[in-house]
Amino acid sequence: MNCDLVLTVCPFCGCGCQFYLEVLDGEITGVVPCKTDEVSGGQLCIKGRNAAGFIYHRDRLKSPLVRRNGKFEETSWDEALEIVSGRLSEIKQLQGADSIGILSSAKCTNEENFLMMKFARAVIGTNNVDHCARLCHASTVLGLVNSFGSGAMTNSIPEIEGAGCIFVIGSNTMEQHPLVSSRVLRAKERGAKLIVADPRRIPLVEFADVHLQHRPGTDVCLLNGIMNLILSWNLADNDFIAGRTEGFEEFKRKVGEYSPEKVCQITGVDRAALEKAARWYGEAEKASILYAMGITQHTTGTDNVESCANLAMLTGNVGRKSTGVNPLRGQNNVQGACDMGALPNVYSGYQSVRDEASRGKFEKAWGVELPQEPGLTVTEMIDAALEGSLKAMYIMGENPVLSDPDVNHVRKALSELDFLVVQDCFLSDTAEFAHVVLPACSFAEKEGTFTATDRRVQRGRKAIGPIGDSKPDWVIITELARRMGSTQFNYESPQAIMEEIVNLTPSYGGISYERLDSGEVLAWPCPSKEHPGTKLLHEEIFARGKGRFFAIDYEQPAELPDEEYPFILTTGRVMFQFHTGTMTRRVPALEREASTGFVELNPEDAARLSIVQGEKVQVKSRRGEIEIKAFVTDRVSPGVVFIPFHFAECAANELTSRNLDPEAKIPEFKVCAVKIYKGDKHG
Amino acid sequence: MNRENEHKSVLVIGGGIAGIQASLDLANMGFKVYLVEKTPSIGGRMAQLDKTFPTNDCAMCILAPKMIEASQHPNIELLTYSEVEGVSGEEGNFHVKVKRKATHVDWDKCTGCGECTQTELDGSKEFEGEIWVDRIKIDETSCVQCGECTQACVEENKERHAMTNVAFERRRFVELPPEEREGREPEILAQRVALMDEESRADFWQKELSKCIKCFGCCDVCPVWIYGETELEDPEWIAPGEIPPAVPLFHIIRAYRIGDSCINCGMCEETCPVDIPLRTIHHLMQRQPPESIFEIIPGLDPETKNKLVERVKERPVVGTEISK
């Protein structure tokens, strides 16, 4: 009997908890917490504790599938790859490289994301490479770059514990980043003030000193109102503003227009609560902002992010321990996938494809000419597919048929494609549309690195061999690239890929498997072998030099309720499921807790529509309609309803709108108009 | 052997070399001997000496075999860490009252491996002075009840571990200065909770248990939790998908289910991502029947309480699968 404990990284949220996989005679038998891990400290949430639950699921794809006469047939790797390389080459030749779109994956390792973007750019020859960060933190990456010069969490997770005031806006931290919320609760225990701004009474509200229950989509107005009060009470950090920032005067004029009366009227927040929040945040010596999808998933997502940055700069809460602007990233490697350049406009390390020096560097390294115009984003690829300008897609580890807005539109677009390859562990809803499905390994079957939300690069380790005939994503991409004639894909292991990443990516310059394996905790930027990593960004100077204030006006969400569609629908997640549920819905312990979706409805609205607890209702928007169980609760205000997006049988994204933030191209998942009626009325 | 001695017994007071030798001699003559010693071990002064007068012999070389013989002799019953409190009766028929002090060790099981004395406290806790005098006579004013000694015992002697749990009245809460009464270290908190009136105790747990995010970590790591379908997974008892899960029912069920077998190792609290002071519950339950949970965490309606008690009576071990 041989028993091993393999230290690896949790495959779910961005906290980046490490744990051990318990391996008995080559079979994973469980998850054991790791006490020395600096984030989890031997504590895990229910998803982490059940992370091994889907690995051996009977639905795992065990051999490549190819569609023949409308049905999937099992085939050999040789044939599957031959078809994929043949079809992609053909489409590239006939329609041009830009008629192919590639989705990389925030669930895959840094190495795999790097390879995927290299494959797109160097082998296919297109910048049409993107991933689901477009749907979660695209506005962060853009907004924080505009304000600070670096689009990532400014501080590290353990620091949150030391903050004097924590402002959580648009983040259901206890359910979605449990190990971050444990720091928040510890700070609270030490006497910190906790301000929670959220349209819903999320579990964290129970512990908040003040809850700002603003209307969905009024974040800019709320933040401007708080900043107006801070300015009028002289709580601004004038030295910081004068020494380290620019654009303050214009910003100040703009914020001056947001009187408390106006703000309370627009946001629906009580004036006393607004004043408390402004006073506590303004007076705290160390104040930290945590935010997530509630800020980013709006047509004004970038504005919201820049407003958060404004607030932090106004009070000098950047560049010091336990302060900062901290976007909480939703997936274990969404930070890494962005860092690796699985984005249409940048190479790894956010080096612009337009910048000649950067492009030259990558061209030289890869020995090919690279396209210079930024490519299409996730949302634009879907539109292009429907229009017919995009002919083929290669989707690795993503499930746009559930995760993208207005999935009717997505389904139509995917069925228009001439050729669709899906590479996944399971036959996802998206894979149903594929021409070829390639079976990939799960996190437990491969080596690599993952980058957590606070820029910590950590090692994922192989615990068991591949299930069935599946292969690690990096192996599949490598073999495919070789078949398509590239000589640049000669990697023996993920470690070899990391060496190439390190050479081409300044912020990852000092990261190596040796250092990570020796137990070092490295957060990028880590430019050299001697560099200890950077837990705290913008300490002396902002990454862009001076921090930039933006004067931002409140703009309404794109789709507001009207007579026909009187409710605001806001979407989100629940504790027990993860995203489209490809993994978590196959874990019995999680499925037992949350087996299907529900629509949260205020008792007032429920009474008016005579809807009772647990009753099936129809929810309809301009784009689609679903049948779903009603959950009557005062967690939502009257006029607002909430639906989690995990569940294919009542998918919230049937309803959501495709309105995009004009710059970041992130869809407005958090606001759209719906109506609710009982099935029998067909209203 | 003299038949007269068959049912007669002798009490020897003091387990030094004289007491040991006397006990051995008597025992070898066939008397049942009770050897009472007030310290945790026999041996006395001689055990502290290097050489003995006048032969310069090694003291332990003489003493140790006798100590072992005394401890293993079928006719000798050692009553260590005990004191004679009173003697009554008359020659030939004495009644002796012996006070046996708590040792936290089950002497029938202890192998004397010494592992318990090798463990150390978690480095994060700072305390002045010695934490214990030894593992048998624990200094109750400074033990923090980290449980490491028990764990070491369990690890070393898997089948027959001897350490029982240490008690919690160490630093007496009522004697502490006010600023130290607010701490969350388990021993202080346990006493604070014990001293609360029912209403404040209910409020305290309401607040703490509302943090629960239902990770099931406390059950996952628990060495005595029985896997299988319990009330915690049953929608009739605990509504699925709700955060926090029913307060205080969820945690009452959990604690009640292990109340009789909890070894107070503290892992449930250590692995709790929201720092619920679960150890405190088990400190308080430690020397009381499992039903004490209903007083420790008040506020459960009587109907549910009775239903739970009945249910656990009916199905003490639910869905046990010994062979997996």
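All of the numbers you see were taken from the coordinates with simple rules; none came from a lab. Source: prediction; values computed, not measured. Neighbour counts are summed over all protein chains in view; Cβ atoms, including those assigned to glycine, are modelled from backbone coordinates with ideal geometry.
Values computed for the structure shown
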{"read-out": "Region B:3-100 - Rg and Dmax from Cα coordinates, angstrom", "value": "14.4, 44"}
{"read-out": "Cα lying deepest toward the dipole's positive end in the protein assembly as shown, options A:T245, B:I68, B:Q48, charges on Cβ", "value": "A:T245"}
{"read-out": "Under the Debye formula (equal points on every Cα, no solvent term), log10 I(q)/I(0) of region B:209-314 at q = 0.20, 0.22, 0.24 Å⁻¹", "value": "-1.10, -1.39, -1.71"}
{"read-out": "Distance between modelled label sites at B:K207 and A:Q613, nm, 7 Å Cα→Cβ extension", "value": "2.8 nm"}
{"read-out": "Residue among A:F72, A:Q93, A:I83 farthest towards the positive dipole end of region A:54-98, charges placed on Cβ", "value": "A:F72"}
{"read-out": "DSSP-loop GluC sites (Glu not before Pro) across region A:288-379, with at most 11 other Cβ within 10 angstrom", "value": "A:E369"}
{"read-out": "Label point 7 Å beyond Cα of A:E363 along Cβ direction - residues of region A:491-517 with amide nitrogen under 14 Å", "value": "none"}
{"read-out": "Between region B:175-237 and region A:631-683, the Cα center-to-center distance that results, in Å", "value": "37 Å"}
{"read-out": "Cα-only Debye scattering, region A:3-49: base-10 log of I(q)/I(0) at q = 0.18, 0.21, 0.31 Å⁻¹", "value": "-0.48, -0.63, -1.15"}
{"read-out": "Cα-based Kirkwood hydrodynamic radius, region A:203-290, one decimal, Å", "value": "13.8 Å"}
{"read-out": "Stretchable slack from A:Q495 to A:H531, in nm (0.36 nm times residue separation minus alpha-carbon distance)", "value": "11.0 nm"}
{"read-out": "Hull shadow area, averaged, region A:138-328 [alpha-carbon convex hull, nm²]", "value": "9.2 nm²"}
{"read-out": "Cross-link partners of A:K629 among aspartates and glutamates (Cα-Cα below 12 Å; sequence separation of 8 or more within a chain)", "value": "A:E600, A:E615, A:E649"}
{"read-out": "Within region B:209-314: Cβ-based charge dipole about Cα centre, in debye rounded to nearest 20 (Lys, Arg +1; Asp, Glu -1)", "value": "280 debye"}
{"read-out": "Student exercise, the protein assembly as shown dipole from Lys, Arg, Asp, Glu Cβ charges, in Debye to nearest 20", "value": "560 debye"}
{"read-out": "Two-site label geometry, A:N238 and B:E185: point separation in nm, points 7 Å out along Cα→Cβ", "value": "4.7 nm"}
{"read-out": "Descending semi-axes in whole angstrom, ellipsoid equivalent of the protein assembly as shown, from the Cα gyration tensor", "value": "60, 34, 29"}
{"read-out": "Whichever aspartates and glutamates have a C-alpha closer than 12 Å to that of A:K71, once near sequence neighbours (fewer than 8 apart) are set aside", "value": "A:E432"}
{"read-out": "Residues of region A:425-465 with amide N under 16 Å of a point placed 7 Å along Cα→Cβ from A:E74", "value": "A:426-427, A:437-440"}
{"read-out": "Longest site-free stretch - chain A; sites: chymotrypsin sites (Phe, Trp or Tyr not before Pro), DSSP loop, at most 15 other Cβ within 10 Å", "value": "A:234-683"}
{"read-out": "All aspartates and glutamates inside 12 Å of B:K214 as judged from Cα atoms, apart from same-chain residues fewer than 8 positions distant", "value": "A:E175, A:E593, B:E233, B:E242"}
{"read-out": "Estimated vicinal HN-Hα couplings, Hz - region A:670-677 in sequence order (Karplus 6.51, -1.76, 1.60; Gly, Pro = x)", "value": "8, 9, 7, 9, 9, 10, 10, 8"}
{"read-out": "Mean shadow area of region A:567-678, taken as a quarter of the surface of its Cα convex hull (nm²)", "value": "7.1 nm²"}
{"read-out": "Rg/Rg_globular for region A:82-195, with Rg_globular taken as 2.2 N^0.38 Å and Rg from C-alpha atoms", "value": "1.55"}
{"read-out": "Those GluC sites (Glu not before Pro) in region B:196-285 that DSSP places in a loop and that have at most 10 other beta carbons within 10 Å", "value": "B:E229, B:E236"}
{"read-out": "Kirkwood-Stokes translational diffusion coefficient of region A:50-96, alpha-carbon pairs, 20 °C, 1.002 mPa s, µm²/s", "value": "165 µm²/s"}
{"read-out": "Evaluated at q = 0.17, 0.33 Å⁻¹: base-10 log I(q)/I(0), Debye formula over Cα of region A:584-626", "value": "-0.66, -1.11"}
{"read-out": "Value of Rg to Rh for region A:321-360 (Rh from inverse mean 1/r over Cα pairs, i.e. Kirkwood)", "value": "1.13"}
{"read-out": "Inter-chain shielding of B:205-217 (mean C-beta neighbours from other protein chains, 10 Å cut-off)", "value": "4"}
{"read-out": "Unit charges on C-beta of K, R, D, E only; dipole of region A:567-678, Debye", "value": "200 debye"}
{"read-out": "Reference-scaled alpha-carbon Rg (2.2 N^0.38 Å with N residues) for region A:482-592", "value": "1.77"}
